[in-house]
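Colleague: What follows is a structure written as structure tokens; I'll ask about it next.
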Amino acid sequence: MSRSIRIVLFAFAFAVLLSAGGPALAQDQRQNASGEFDFYVLSLSWSPSFCEEAEERRSGRRSPAQCGGRPFSFVVHGLWPQYEHGFPEYCQRPSPRLDRNIMRSMLDLMPAPGLIYNEWDKHGTCSGLSERAYFETIRKANLVVEF
């Protein structure tokens, strides 16, 4: 099964979602059926901007994981199954627990364990892929957009 991957910068995608309204946000009839969607969105965030804002907000709190000792670049926020209108989420409750070794293997692309676990629970379970295949797909999609 081949799916297209649409590459979207997170800030841009968020702005588009905020500006969209009404029927454009209506959910698909296949809502939350694992493996049933139209395309993926690879969501990236730009570390320098994120870290600059985080530093301003921090005031004594710990710095976010992607801001400590990592080279500034795009980091993967997630790979999100999408419908033409709307998106599935949390397709398996409870979700199968993500293997710790798979989580660790993604830390070079995704800045924090909590993000990786959340992305699996919320989006990966909707992909219809196994844990390993889902995160391998993220890695392959990211290779396409490396700058």
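Coordinate-derived values only; no laboratory data. Since we're looking at a predicted model, the values are computed, not measured.
Colleague: Pulled fully out, how much extra length does the chain show between residue 30 and residue 140, if you take 0.36 nm times their separation in residues and subtract their Cα-Cα distance?
Modeller: 37.0 nm
Colleague: Hey, can you grab everything whose amide H is under 5 Å from the amide H of residue 74? Only 5+ residues off in sequence or another chain; H modelled, so Pro and N-termini drop out.
Modeller: Amide H neighbours of residue 74, under 5 Å, 5+ apart: 47.
Colleague: Over all directions, the average projected area of the alpha-carbon convex hull for the stretch 72-133 comes to how many nm²?
Modeller: Details: hull surface 18.7 nm².
Quarter of the Cα hull surface area: 4.7 nm².
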